[in-house]
1. Between GLU72 and SER92, what length in nm is gained on full extension when 0.36 nm per residue of separation is reduced by their alpha carbon distance?
2. Based on the mean of other beta carbon atoms within 10 Å per residue, what is the order of 133-145, 46-58, 29-41, most packed first?
3. Residue separation times 0.36 nm, minus the C-alpha to C-alpha distance between HIS146 and GLU129: what's the value?
Amino acid sequence: FTPWGGKPYIPYPPSVSYPAYQAYVWIREHTPRDAIILANGYTQGSIGAIARRDGWLDGRSPYLEAPEWREEATLAVLRAREYFLDPKGHASDLPVPVDYVVVGKPDIVLGGSYFPVNLQELLSSPQLELLRSFGHGEVLVFKVVHRRTSLSQGDRRGPVMLRPVGGAHGRDASACPC
């Protein structure tokens, strides 16, 4: 097929790779409704839409938001990137409310942009327990088993990047600091 302009038609890549889709469905079926997920990428709502859980960096871009919120959101993304590059050296950058970590290989689409990962350090991190792998190890789901501080229910803050529309997934929308 050659559309107007004479260039061959190349369909858009999927918004979520099949192993990521499988992981998100598994998360929906096997995790608490109030679980918060950190993925090695900005997932643009895929975690919320498929897993029906809140993604720490899931949601809309902060570019037109208030400067204070935009700064907090940008710092959350930078800390997540640092964490994935050096999980042991940046263990304190794993956000306290995060319950599960999803990691995809570079060619896997988790729903948006990709953050590079030091997989060997993640696999040996005392903070994480590998629960499942999907697509022959292309997507891994970890549970956070050791936190740097303990949480009471009152201390739990919602995802930084999520801007719920019609309420958060499984939580009162007022819990979101957005």
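Bear in mind that the values in this text are calculations on the coordinates, not laboratory data. Since this is a predicted model, take the numbers as computed values, not measurements. Using ideal geometry, Cβ is built from the backbone for each residue, glycine included, and neighbour counts are taken over all protein chains shown.
1. Details: separation 20, 0.36 × 20 = 7.20 nm, distance 1.63 nm.
Gain on extension, GLU72 to SER92, equals 5.6 nm.
2. Details: 133-145: 17.7, 46-58: 24.8, 29-41: 20.8.
Result, highest mean first: 46-58, 29-41, 133-145.
3. Details: separation 17, 0.36 × 17 = 6.12 nm, distance 0.92 nm.
Result: 5.2 nm gained on full extension.
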